[in-house]
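Got a structure for you, written out below as structure tokens; questions coming shortly.
The values are calculated or read from the model by the stated rules, or taken from the named source; none is laboratory data. Note that this is a predicted model, so its numbers are computed, not measured. For neighbour counting, all protein chains shown are included, and Cβ atoms are generated from backbone atoms with ideal geometry for every residue, glycine included.
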Amino acid sequence: MVIVMDKRATEEEVEAVERKLVSEGYRVHRSRGVERTILGIIGDTAKLDPRELELLPGVYEVVRVSEPFKLASRAFHPENTVITVGQVTIGANEVVVMAGPCAVESRDQVLETAHAVSEAGAKVLRGGAFKPRTSPYAFQGLGEEGLVYLREAADRYGLLVVTEVMDREQVPLVSQYADILQVGARNMQNYALLRELGGIRKPVLLKRGFAATVKELLMAAEYIMAGGNFEVILCERGIRTFEDSVRNTLDISAIPVVHSLSHLPIIVDPSHGTGRRDKVAPMARAAVAAGADGLLIEVHPRPEEAKSDGFQSLYPNQFASLMEELRIIAAAIGRKL
């Protein structure tokens, strides 16, 4: 349920409504639209009488929200959420590119990649220190050693770090090194992990699951936000369909769908979304044209030697060329990169 305050409502009237709801056992999330303050009521609102609330001083109208996700809903928060990390803003006018290797393999590899993506215009260094793999015999990452390399490389070249956290026990460790914590597709519905991330004060990049609907993705975000962490970045990374010519089917339509349902920023991962190097650039261009707030792209100095997903990683020169193309597309739709 959402209470829309009158545009002439005073701060005292807004606070009085909040106190009443809190006294009845509800949590209240306040957001401000262009002209009005909006109070989102969190809890079982079935017993609340909208007519009674509408009689309170300063209340304009009361609206029931049908979506099961409340905090992530645009009805609760009409304006786009903009997440600021250091000098980088995600969800504003700039399209933010996060780039780097699928897996951290060595210090030299990460430093070389960080230098290349920074020169091309990326703002965030991505890389997996812990790697969830389908096969138990595949390379699983370097662990904390990999986190050290990511932090060193990012600091040297003025980048932020985004890396995956695989379970709740890893959250304190990864938080020491990363600026943004990533939840992979396999963990989108790991509710213990999502609840743990709700208690930290760092942005969370939440990837869509292989077979998850957009609304299920938003419900996963709700778990994090219900814990008090409202800095959630959604990520479309492709879903599993009957199509087998690409690794996954990248759902570009999810971008405008998310923007209509939620205020949270959404970025796109065309590397995992296609699984093929020759398909990454076309889908990255399409994502920016469709309104994505950012991109997550795999780049490796020598993809043929990569220990993980080399066939979908761009060479540094390919990434630099793509960035030039993306700047033209972003400018054409009134954004920058």
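Only one of these is closer than 23 Å to Val268 by Cα and touching a helix residue (DSSP H, G or I) at 6+ places or on another chain (Cβ under 8 Å): Gly184, Gly227, Gly198. Name it. Please lay out each step first, then the result.
On the way: Gly184 fails: touching a helix residue (DSSP H, G or I) at 6+ places or on another chain (Cβ under 8 Å); Gly227 fails: closer than 23 Å to Val268 by Cα.
Residue meeting the stated conditions: Gly198.
Take the residues in the stretch 267-313 that are surrounded by fewer than 24 Cβ atoms within 10 Å (Cβ to Cβ) and touching a strand residue (DSSP E or B) at 6+ places or on another chain (Cβ under 7 Å), then tell me which one is modelled with the highest pLDDT.
Within the stretch 267-313, the match that is modelled with the highest pLDDT is Arg277.
Report yes if Thr37 is surrounded by 16 or more Cβ atoms within 10 Å (Cβ to Cβ), at pLDDT below 85 and not assigned by TED's automatic domain parsing to the domain that holds Gly227, otherwise no.
Values: surrounded by 16 or more Cβ atoms within 10 Å (Cβ to Cβ): yes; at pLDDT below 85: no; not assigned by TED's automatic domain parsing to the domain that holds Gly227: yes.
The answer is no for Thr37.
Quickly run through the stretch 40-76 and pick out the residues that are among the charged types (D, E, K, R) and either part of a strand (DSSP E or B) or surrounded by 20 or more Cβ atoms within 10 Å (Cβ to Cβ) (or both).
Across the stretch 40-76, the qualifying residues are Glu61, Lys70.
If you don't mind, another one. Return yes or no: is Ser271 polar (S, T, N, Q), touching a residue at least 24 places away in the same chain (Cβ under 8 Å), out of contact with any helix residue (DSSP H, G or I) (no Cβ under 7 Å at 6 or more places or on another chain) and in the same structural domain as Gln312 (by TED's automatic domain parsing)? Step through it out loud before you land on a result.
Details: polar (S, T, N, Q): yes; touching a residue at least 24 places away in the same chain (Cβ under 8 Å): yes; out of contact with any helix residue (DSSP H, G or I) (no Cβ under 7 Å at 6 or more places or on another chain): no; in the same structural domain as Gln312 (by TED's automatic domain parsing): yes.
Considered against the rule, which asks whether it is polar (S, T, N, Q), touching a residue at least 24 places away in the same chain (Cβ under 8 Å), out of contact with any helix residue (DSSP H, G or I) (no Cβ under 7 Å at 6 or more places or on another chain) and in the same structural domain as Gln312 (by TED's automatic domain parsing), Ser271 comes out as no.
Tally time: how many residues in the stretch 3-34 are modelled with pLDDT of 85 or more and closer than 21 Å to Ser262 by Cα?
Selection size over the stretch 3-34: 5.
Find all pairs meeting these conditions: Cβ atoms under 9 angstrom apart; at least six residues apart or on different chains; first residue within the stretch 144-173 and closer than 19 Å to Asn229 by Cα and in contact (Cβ under 8 Å) with a residue 12 or more places away in the chain; second residue basic (Lys, Arg) and part of a helix (DSSP H, G or I).
Close Cβ pairs (under 9 Å, with a partner that is basic (Lys, Arg) and part of a helix (DSSP H, G or I)) amount to Val161/Arg151; Met166/Arg186; Arg168/Arg195.
Separate question: Starting from the stretch 278-289, take each residue that is within 12 Å of Ser321 (Cβ to Cβ) and list its partners that are in a helix (DSSP H, G or I) and acidic (Asp, Glu), counting only C-beta distances under 7 angstrom and pairs at least six apart or across chains.
Within 7 Å, the pairs are Arg285/Glu325.
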